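Here's the structure we're looking at; comments come further down.
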Amino acid sequence: MTGSRIRKLKLKSTSERAFTIAAYIIMTALALICIFPCLHVFSKSISGGNLVATGQIYFTPKAIQFETMEYILEKTEFFNCLKNTLIVTVLGTAISMFTTITTAYPLSKPKMPGRKLFVMLYVISMVFFGGIVPAYMVVNTLGILDTYWAIILPFAIVQFNMFVMKSYFEGLPESIEEAAQIDGASDVQTLVRIVIPMSKPVIATVSLLYAVNYWNNYFHAMMYTNSSSMRTLQVYLYDIINNGQAFLESLYSGSLGTNLGNSMVNITTDGMVAAAVTLSIIPIIAVYPFVQRYLIKGITLGSVKG
Amino acid sequence: MRKKREEAMKMGRKLSAKQQIVHFIKYFKAHPFLYLMLIPGFFFLFIYKFWPLYGLEMAFKDYNIFAGANPMDSIAASDWVGLKWFERLFSSSQFPVVLRNTLVINSLKILFLFPIPIIAAILLNEINSHLYKKTLTTAIYIPYFFSWVVIYGIFYSLLGSYGVVNTILSSLGLSRVQFFTDQSVFRGVLIFTEGWKEIGYNTIIYLAAITTIDSTLYEAARIDGASKIQQVWHITLPGLLPTIVLMLILKVGYILDTGFEQVLIFYNPAVYDVADIIQTYVYRIGLGQANFSLATALGLFNSVVAFILVVSANTVSKKLLGRSIW
């Protein structure tokens, strides 16, 4: 192993070495372009107000303070909106996984009569979209505007995810299922006791795809809810970015300002935006290392389907 | 007998209608749960995907939301107006603007962003250290999981009037740029942030495709004295070609369907002229100004053209690559 590696290194010509060095430089630069903006926002969220307001914060925090963070957490709706997002994500992912598995499993049976028609319905719904106005009218008619259900409904079954699941099921060895059925297991029992345990990786991957969809979605929450208590994290964040100034003015003019006294200096519009963004990224960054391999699998699963 | 039938089915449905029904009943009796399981999925599919298709009728009616017992009921109760909304739409001054913006923004995104992940994947494949490669992959992939609002917040911080980019510009003696309100740079902001979010994801797709290329080809090429560039040109790129073509077909096929949430979050009235795309316009006239029928007409136009594009893309994909895109 090491021997062959050494030989390879020795064989490397100057042009190859130049190519490798270029690869290191360019890819490192690309990675830094992805990381620096995050570092910048993080630094801004905990740096002194004067420095933030005058644009003196680059990629490291200066005059560290946590008042802006505290302010976002304590004096704004952050926790309520986080709660809404968590409910939508957990409940939504559970519903979506249920519908996705129960749809993908029958459709993965090659001999099932009617299968082609059912698959066709899902394909049609994928390529032809009724539009946002009719969709809004449907949600309105169902009487679920301004509820969690309105935010969950659009992703209750995502066709692409269903097809990823279906093609995974199709790849499972048929013999095990057949043996179970000969032993008298029903289709439901086969699914629950045999197919699902064999499909843990794809279930993890598809759950994550759904969870990311629910967590990140702004448009449905914005369109289908209007009361401020129903805002999700994304809607809240958008409001802070666009109305940060108004937030801050209400803070200064209200009695709140006098109570906070000197520490007010540290709370700036830009700092607030940065703190809110940082707080909403933290959950993703925290979970990401543990789920990365499933997410990468999701891409490759998705791209080899067909 | 059974074998014969299966063979017939494989050959392309040579079964008569009666035989098919008998076959179906037999299968249904043996596997009732398989059909019952489909119900939850179909329930949501019909409610949110098919019911709105019926709502497209609004495009040919003078929709009055109070005409019926509920908004969907009102559709049936409203008066037919033929192609009135389409005539108004195609003669409006706004229509060519949003159509042009949609095509220009998404074409520029393809033009500038499409090649980057291919190059990135080839370069990433050259990184020998496994740990460093993984670190780089993580770094470029993570923005894909940020929502558009988060990305808006991040770039608002970077590019705002007093953001770090403007601080640097002014310290260099250059004038500050209003990235979010200047019509000449706003499309650039859209393209850059799109790339920032998506490049990692696409790079991983190409990286996965590179690993399927037969490594003996490289050994042989090296023995023949091929340079690194020659290897990339004659082995890696041809090996990636099916993936490249598929990705390009997908991008072009979905040219009318992409970018909605991004533009909706990033844009503002100052840049409507260069950034307002079909779907954001539909949203504004429909749900903002309650001009439901006109918005539905434009939405329908968009859906029909998008449908034609996607189906054509699929046909091209089948012809060129022998695989369907769904």
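Laboratory data are not the source of any read-out in this text; all were calculated from the coordinates shown. If you're wondering where the values come from, they're calculated on a predicted model, not measured in any experiment. A quick note on method: Cβ atoms are made from the backbone with ideal geometry, for glycine too, and the neighbour counts reach across all protein chains shown.
Brief remarks on what is shown
- Cα point-scatterer Debye curve for chain B, base-10 log of I(q)/I(0) at q = 0.07, 0.08, 0.10, 0.11 Å⁻¹: -0.47, -0.61, -0.89, -1.01
- Cβ neighbours within 10 Å from other chains - mean over B:29-39: 6
- Put simply, the Cα atoms of region A:78-229 extend 56, 34, 22 Å along their principal axes, the longest span coming first.
- Summed side-chain charge close to B:Pro269 - residues other than B:Pro269 whose Cβ falls under 13 Å, Lys, Arg +1, Asp, Glu -1: -1
- Ascending count of other beta-carbon atoms within 10 Å, so fewest first, for B:Arg284, B:Arg100: B:Arg100, B:Arg284
- In percent, rounded to a whole number, the relative contact order of chain A is 29, using alpha-carbon pairs under 8 Å and six or more apart.
- Partner chain coverage, peptide A:20-30 - average Cβ within 10 angstrom: 6
- Cα long-axis angle, helix A:269-304 against chain A (0 to 90 degrees, to the nearest 10): 20
- Working value for chain A: equivalent-ellipsoid semi-axes of 44, 33, 16 Å, each the square root of 5 times a Cα gyration tensor eigenvalue, largest first.
- Net charge of the neighbourhood of B:Lys133, taken over other residues with C-beta under 15 Å away and scored Lys/Arg +1, Asp/Glu -1, is +1.
- Counts of other chain beta carbons within 10 angstrom of each beta carbon in peptide A:32-45 average 5.
- For the protein assembly as shown, alpha-carbon Rg over 2.2 N^0.38 Å: 1.06
- Exposure proxy shown here: for B:Ile277, A:Ile203, the number of other Cβ atoms within 10 Å sets the order, fewest to most, as A:Ile203, B:Ile277.
- Note on B:His31, B:His234, B:His130, A:His220: ascending count of other Cβ atoms within 10 Å places them as B:His130, B:His234, B:His31, A:His220, the fewest first.
- Taking Lys and Arg as +1 and Asp and Glu as -1, the other residues whose beta-carbon sits under 11 Å from that of A:Phe129 total 0.
- Highest to lowest packing among B:295-304, A:277-286, B:19-28, scored as the average C-beta count within 10 Å: B:295-304, A:277-286, B:19-28
- Projecting the Cα positions of B:Thr181, B:Phe145, B:Ala67 onto the charge dipole of the protein assembly as shown (unit charges on Cβ atoms of Lys, Arg, Asp and Glu, taken about the Cα centre) puts B:Phe145 furthest along the positive direction.
- Summed over all non-identical Cα pairs, the Kirkwood treatment of region B:87-215 gives a radius of 17.4 Å.
- Lysine pair count for chain A (Cα-Cα distance under 17 Å; residues 8 or more apart in sequence or on different chains): 12.
- Principal-axis tilt of helix A:200-216 within chain A, Cα atoms, nearest 10 degrees: 40
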